[in-house]
Amino acid sequence: MQISLTRIVLPLALLSIWPGAIWAHAFPVDAEPGAGATVEKTPLEIRIRFNAELEPIFSKLRVDDSHGHTVSRGQGHIDPSNSMLLLTHVPMVLAGSYHVYWQVFSHDGHRTQGDYTFDVQ
């Protein structure tokens, strides 16, 4: 019985590429404040750290109040000293629930997005 080298090498090559494709997307590692958190005072900065370097021009971060009005300043930005950190500034806000929306592009061009809420007492 003769086994073709292509039948062995091709599947191994595909398996070695697949994990890279899965991990190519940028996903949040942690956030301040975190999802579902309750904080005593307004966080002046919302920070989300990702598992991959982000493209600054396409990455956005926005915070809305419970009425859907945007309270954050600008569209968010990548920290100049850490390309895996997305942040935005928030002025002093009233107690209530706030919704964080993020959208990022990793350096390899993959887009991910998500959202979460936190509360201010």
Matching entry among THR42, THR70, THR38 (being out of contact with any Ser or Thr (no Cβ under 8 Å at 6 or more places or on another chain), at pLDDT below 95 and among the hydroxyl-bearing types (Ser, Thr, Tyr)): THR42
Residues of region 85-121 satisfying the condition of being loosely packed, with under 12 Cβ neighbours inside 10 Å and either touching a residue at least 60 places away in the same chain (Cβ under 8 Å) or hydroxyl-bearing (Ser, Thr, Tyr) (or both): GLN121
Strands (runs of 3 or more DSSP E) within region 24-121 that include 3 or more residues among the β-branched types (Val, Ile, Thr): 111-120
Failed item, numbered, when HIS69 is tested on (1) touching a Phe, Trp or Tyr at 6+ places or on another chain (Cβ under 6 Å); (2) surrounded by fewer than 12 Cβ atoms within 10 Å (Cβ to Cβ): (1)
Residue that is farthest from the chain's Cα centre (by Cα), among those in region 105-121 that are acidic (Asp, Glu) and under 20 Å from GLU32 (Cα atoms): ASP119
Inter-residue pairs, beta-carbon under 8 Å, first at positive phi and touching a residue at least 12 places away in the same chain (Cβ under 8 Å) and in region 66-82, second surrounded by 14 or more Cβ atoms within 10 Å (Cβ to Cβ) and in a loop (DSSP other than H, G, I, E, B), 6+ apart: GLY76/SER59
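The values are calculated or read from the model by the stated rules, or taken from the named source; none is laboratory data. Fair warning: this is a prediction, and the values are worked out from it, not measured in the lab. Note: ideal-geometry Cβ built from the backbone for every residue, glycine included; neighbour counts use all protein chains shown.
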